[in-house]
1. For the chain, what is the charge dipole size about the Cα centre, in debye to the nearest 20, if Lys and Arg each add +1 at the Cβ and Asp and Glu each add -1 at the Cβ?
2. Which chymotrypsin sites (Phe, Trp or Tyr not before Pro) does the stretch 363-419 hold that lie in a coil by DSSP with at most 11 other beta carbons within 10 Å?
3. Dipole of the stretch 223-317, Cα-centred, from +1 at each Lys and Arg C-beta and -1 at each Asp and Glu C-beta, to the nearest 20 debye?
4. Can you list the HN-Hα couplings for the stretch 83-94, worked out from phi with the Karplus curve (6.51, -1.76, 1.60; θ = phi - 60°), rounded to whole Hz and with x for Gly and Pro?
5. Mind listing the phi-derived Karplus ³J(HN,Hα) values for the stretch 39-51, rounded to whole Hz, using 6.51, -1.76 and 1.60 with θ = phi - 60°, and x for any glycine or proline?
6. Sequence gap at least 6, Cα distance under 8 Å: using those rules, report the relative contact order of the stretch 260-401 to the nearest whole percent.
7. On a 31 Å Cα-Cα criterion, which of the cross-link pairs Lys301/Lys327; Lys75/Lys392; Lys37/Lys271 come out too long?
8. Under 10 Å from the Cβ of Thr274, count the other residues' Cβ atoms, weight Lys and Arg +1, Asp and Glu -1, and hand me the total.
Amino acid sequence: MTVHEAAPQPIRLDFVPQGPYLSPKFLQLENERMWPKVWQVACRLEEIPHVGDYVTFDVIGESIIVTRLTGDKIKAYYNVCQHRGRRLTTGCGHASKFHCAYHGWQWNLDGSLLRILDEEDWAGCPSMTKDDLALKEVQVDTWGGFVFINMDPQAEPLAKYLAPVPEITDCFEFEKMRYRWYKSVRLPCNWKVALEAFNEGYHVAATHPQILDSQGDDVTRSFAFGKHGMFGYPTATRLVGTPSSRTGKPIPDDIRPGLLRFYQLMEDQLKAITTDRDNEATKRVMTEVEPTQDQFMLLGKAMEFQREAALADGAGWPDISFEQMAKAGTDWHVFPNLVFLMYPDGALFYRARPDGDNPDSCIFDIWSLKRYAPGKEPALNREFYYGVDDWKTDTVANFGLILSQDFVNMGQVQQGMKSRGFAGARTNPLQETSISNFHRVLHEYVNATESSR
């Protein structure tokens, strides 16, 4: 028996055992008991704008077709021919019907059977009615412009499952944002390792030291909200534009240049959360605001300029207060596999999925969203980096410096956790609560008995 398959240790606020990251058996239990029971993002509505548009969503060996049936009705089906089991679709596209390329069986967009080649051959056979042979449906619902699916026909409604996330974050109007860019990459780590690199801010000082000179205080606080988790900066006394207290540097007499550096850094090294429009609009503080040490006033003016720029572009701006932004925090982890960071003009979403039966690999999707004037959205260009070494080849050029720094950690963590000298993660009880809470909920699914599921 290997170290990571030893008897499991209990999860604490300050401890997560190594086994769930490394054990093929635990991965199998996730696939059997968790993934088929949870709501998870399959795509965004903007990916299926027209009747007949579809996206094929693959997870844990299952494949789901998500399609637009009418102007406002979305359907989801298991992607399998009812004749011999061939997959009907791959990738994304448009269809007037679903056609099996093996023997020519066909289905309407609503999942009803359209054609069986030589149907009379089954005369008198049981369970061969059109209803028997309809595509098998998967639960589907939407939130924030995203399409969620759930393979459990008895699953609770999406709104109940997500609570309280929509109540706190709907003020950002994610449904009015569109893809700025879309990248998907195969990473050499467990799907949980990849996701957890982005649902805590405790790593910023060591992993992204270039940010510290202008991001303000970087000490976070993390909180559990039922299945979900969040972190933010409720104790910060220094805002963006000022150096973190960790640097030992005082707040400069004029913090305007620091504010410009922060937005420029985000645009140069990430191109997400804040936008290129935010970056350009912020430059107005140098000519329209006097040199100042007043952090709140300066940030307020910068956001005022950003709002004016968004409205001038026809992109709109959410009716959001500083109180709402403070309550929403910085980063949310929606169980099981969605993490997002938000701003009034943009947002960054992450989705992690297992890569087959290999606990040392995952598929990681990264989506930068931005507000655009209707009709001015860029064409969606999905980029896939699925080669074994794609994640470390031209990484800065493909993903930006910030994500490149995060990727380096992931493979090192996955290998390091296999050491006989490592029993589990000593999660920070104040700054990494979202991680320990995530594992608490995950273990509830994995350890559930048949009678309780």
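The values are calculated or read from the model by the stated rules, or taken from the named source; none is laboratory data. Computed from a prediction, not measured in an experiment: that's the story for all the values here. Neighbour counts run over all protein chains shown; Cβ positions are idealised from the backbone, glycine included. SASA here: full protein model, heavy atoms, side chains in, ligands and nucleic acids out. Shrake-Rupley method; radii C 1.70, N 1.55, O 1.52, S 1.80 Å.
1. 540
2. Tyr386
3. Numbers: 12 positive and 13 negative charges, 95 e Å.
Dipole about the Cα centre, nearest 20: 460 debye.
4. 8, 10, x, 5, 5, 8, 9, 9, x, 10, x, 9
5. Running phi through 6.51 cos²θ - 1.76 cosθ + 1.60 with θ = phi - 60° gives 7, 9, 6, 9, 5, 10, 4, 5, 7, 10, x, 10, 4 Hz.
6. So the answer I get is 23 percent.
7. Going by Cα-Cα distance, Lys75/Lys392; Lys37/Lys271 fall outside the 31 Å limit.
8. Its environment carries a net charge of -1.
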